[in-house]
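One structure is given below, encoded as structure tokens.
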Amino acid sequence: VDERLPQATDSKETLLSVRHIVQEYVSRGPGNVKAGVVHAVSDVSFDLGVGETLGVVGETGSGKSTLARAAIQVERPKSGEVWFKGRNLVELSRRELKESRRDIQMVYQDPFGSLNPKWRIEDVVAEPLVGHTKMDRTQRRARVRELLDLVGLNPDIYLRRRPLELSGGQAQRVAIARAIATNPALIVCDEAISSLDVLIQAQVMNLFEKLRAEFGLSYVFIAHDLARVKQLSDQVAVMHLGQLAEIGPAEQVYATPRHPYTKALLDSIPGLDPDTGIARRPVTLKGEPPSPLHPPSGCRFRTRCPRAQDKCAVEEPLPRDLGGGHKVACHFPLEVPTVSVESLRATMPTSRAMTRTAPASA
């Protein structure tokens, strides 16, 4: 069994299977002279089940968006395979790929950049229906009204408006309505809530969950906000400099991160200690991220890793299975913290205290 191929985390049918995706770009300097190769995505594999959400996190430049675009063939990857509903998208012709895109849609970070400012909302949402269905104008108009109502926008108010007459949250709802117009199986959300304020973020997140429950949608959810990703995701994939550092069930990855990079990302989140009420200051990861033009040898995180040893400089770590669908690409993964019986007893009230606080019997 190839250790690089992560398997489904449960018995659900696999919808999307990405295998050994590599995406590189040639960088050119003055005079169009080749300056090097940008290693945007390097040998990434994962599986996504029907009705599941995969959250993808990592620093800016880690390759999250490039991975998503290669997975749905917005840009053909340099090498690798992408299996969707039993078909390898990489091998499809342009016409066959267009047919498959009816089942794959994308919601971008900037809704105003993805919506034609000259079109009315009715025409914006109806665009995929024109390209992928045989509906007539009356049927399309009825479908658009249904979609706007589904995402919480009154059709009588918004049908004739244009994108620039909407707020950011309203525009993103229109983008979501357009994405679900053809009843897709997979939606890729590329920083879909990053440009919205906190209140609107929560509303859009609830909308995503509602649509997943009603239509059995699967999501690839790319975001910087690790707390939001945990809220929505079944699995979480942590990317660093084009590679998959860690992947596994969301609760497991957040509770017991095994890769030093994952722990560094979690430590960078400010928070509040629930016991003391004292603010927890974020811990900054030391060092500058390496350049994807010249990534370090061996482990690409070793130049900033506090656990790096000589082996990390000469041997690239392969993903190892930790059980339960949890995989980590690290030679020296973090240990799972253990809780002793003595520490548990120390946190429990004594029998005398329990007797003192117990209510008197009638």
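Mean-square fluctuations from a GNM of the chain, with a 10 angstrom spring cutoff on Cα atoms, peak among Asp149, Asp47, Asp273 at Asp273. Projected onto its three principal axes, the C-alpha set of the chain covers 76, 75, 41 Å, listed from the longest axis down.
Between Leu199 and Lys85, the simple spin-label model (points 7 angstrom out along Cα→Cβ) gives 4.0 nm. Split the accessible area of the chain by element, probe 1.4 Å, and carbon with sulfur accounts for 52%. Helices assigned as whole DSSP H runs in the chain whose Cα atoms extend at least 15 Å along their own long axis and whose mean Kyte-Doolittle hydropathy is 0.5 or higher are found at 121-132, 198-215. Rounded to two decimal places and with Rh computed the Kirkwood way over Cα pairs, what is Rg over Rh for segment 33-158? Ratio of gyration radius to Kirkwood radius for segment 33-158: 1.02. In units of the compact-protein estimate 2.2 N^0.38 Å, segment 151-219 shows a Cα radius of gyration of 1.09. Accessible area per residue was computed with a 1.4 Å probe on protein heavy atoms; Cys330 scores about 20 Å². Spatial offset of segment 127-156 relative to segment 282-339 amounts to 48 Å, using the alpha carbon center of each. Cysteines of the chain lacking any other cysteine Cβ under 4.7 Å from their own Cβ: Cys189, Cys305, Cys330. The alpha-carbon atoms of segment 218-344, seen along their principal axes, cover 44, 40, 31 angstrom, with the largest extent given first. Build a GNM of the chain with springs between Cα atoms under 10 Å apart, and of Glu24, Glu316, Glu96 the one that fluctuates most is Glu96.
For Lys286, the lysines whose Cα falls under 27 Å of its own Cα, not counting residues fewer than eight places away in the same chain, are Lys64, Lys230, Lys263, Lys311, Lys327. Gyration tensor over the Cα atoms of segment 113-167: the corresponding equivalent ellipsoid has semi-axes (square roots of 5 times the eigenvalues, largest first) of 18, 14, 9 Å.
Rolling a 1.4 Å probe over the protein heavy atoms leaves Tyr25 with an accessible area of roughly 80 Å².
The values are calculated or read from the model by the stated rules, or taken from the named source; none is laboratory data. Quick caveat: nothing in here was measured; it's all calculated off a predicted structure. Cβ atoms come from the backbone with ideal geometry, glycine included; neighbour counts cover every protein chain shown. In case anyone asks, the SASA skips ligands and DNA or RNA and just uses the protein heavy atoms, side chains included. Shrake-Rupley method; radii C 1.70, N 1.55, O 1.52, S 1.80 Å.
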